[in-house]
1. Quick one: 3J(HN,Hα) in Hz for segment 129-136, Karplus 6.51/-1.76/1.60 with θ = phi - 60°, rounded, Gly and Pro as x.
2. Sorting Arg178, Arg100 on the 10 Å Cβ count, fewest up front, what's the list?
3. Only Lys, Arg, Asp and Glu count, each charged at its Cβ (+1, +1, -1, -1), so figure out the dipole size of segment 37-178 about its Cα centre, rounded to 20 debye.
4. Tell me, what ³J(HN,Hα) does each residue in segment 149-164 have, in order and in whole Hz, if you take phi through Karplus 6.51 cos²θ - 1.76 cosθ + 1.60 with θ = phi - 60° and put x for Gly and Pro?
5. What is the helix-to-structure angle for 42-51, meaning the angle in degrees between its Cα long axis and the longest Cα principal axis of the chain, kept from 0 to 90 and rounded to the nearest 10?
6. Dipole of the chain (Lys/Arg Cβ +1, Asp/Glu Cβ -1, origin at the Cα centre): which of Leu154, Phe60, Ile169 lies farthest to the positive side?
7. Taking a cut-off of 30 Å between Cα atoms, list the lysines near Lys23, but don't count ones fewer than 8 places away on the same chain.
8. Taking GluC sites (Glu not before Pro) as candidate sites, keep only those in a DSSP loop with at most 12 other Cβ atoms within 10 Å, then name the longest stretch of the chain containing none of them.
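Derivation of every value follows stated rules applied to the coordinates shown; laboratory data play no part. On a predicted model such as this, the values are computed, not experimentally measured, just so you know. In this analysis, Cβ positions are derived from the backbone assuming ideal geometry, glycine residues included, and neighbour counts consider all displayed protein chains.
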Amino acid sequence: MVEVTNAPEGYDGPGFFATSLDKVVGMARKNSIWPLPFATSCCGIEFMSTMGAHYDLARFGSERLSFSPRQADLLMVMGTISKKMGPVLKQVYEQMAEPRWVLSVGACASSGGIFDTYSVLQGIDRVIPVDVYVPGCPPRPEQIIDGVLKIQELVQNESVRRRSSPEYIALLESYGIR
């Protein structure tokens, strides 16, 4: 069964449709997200099942996984991130083109999880900005899909000009990015 997505808000009539550029771009971006999986442990296994036939993340426009940061717009960080991996994660984030979003999957990526040690980064938001957090240890595939849907909602409603706003530039500078 094919389900047709709803058109953005606008004015329509016989033979025409008018809306704002932000809404059209948002709808197009929402349904064509290219994720970059940065998986280090058990959350990565759950992500693999999310991509499998039973859950099928491709239904939501995220079929093409990108293993090159320059061709991805969603960084999905899953699993334990050590402090030595922090600069690598930041470099991967910096190599991604704007607009870019980050999904932190699992307790370890979000807060260090059960590993409260000197070597584990206590949340990736210490090195890069995060848009959506998915809780769990490890989170179920349904939770990962819910996180992707929340990212899609952000993508659809984001203004085209937001990425050049002074607030966004200040956020990146607070992480030492740009």
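1. The phi angles translate into x, 10, 8, 9, 10, 10, x, x Hz.
2. On the way: Arg178 9, Arg100 19.
Ranked by crowding around the Cβ, least crowded first: Arg178, Arg100.
3. Details: 14 positive and 15 negative charges, 76 e Å.
So the magnitude is around 360 debye.
4. With the stated coefficients, segment 149-164 comes to 5, 5, 4, 4, 5, 4, 4, 5, 8, 7, 5, 4, 8, 4, 5, 10 Hz.
5. For helix 42-51, the angle is close to 20 degrees.
6. Going by the Cα projections, it comes out as Ile169.
7. Lys150
8. Working: sites that count: Glu3, Glu9.
That would be 10-178.
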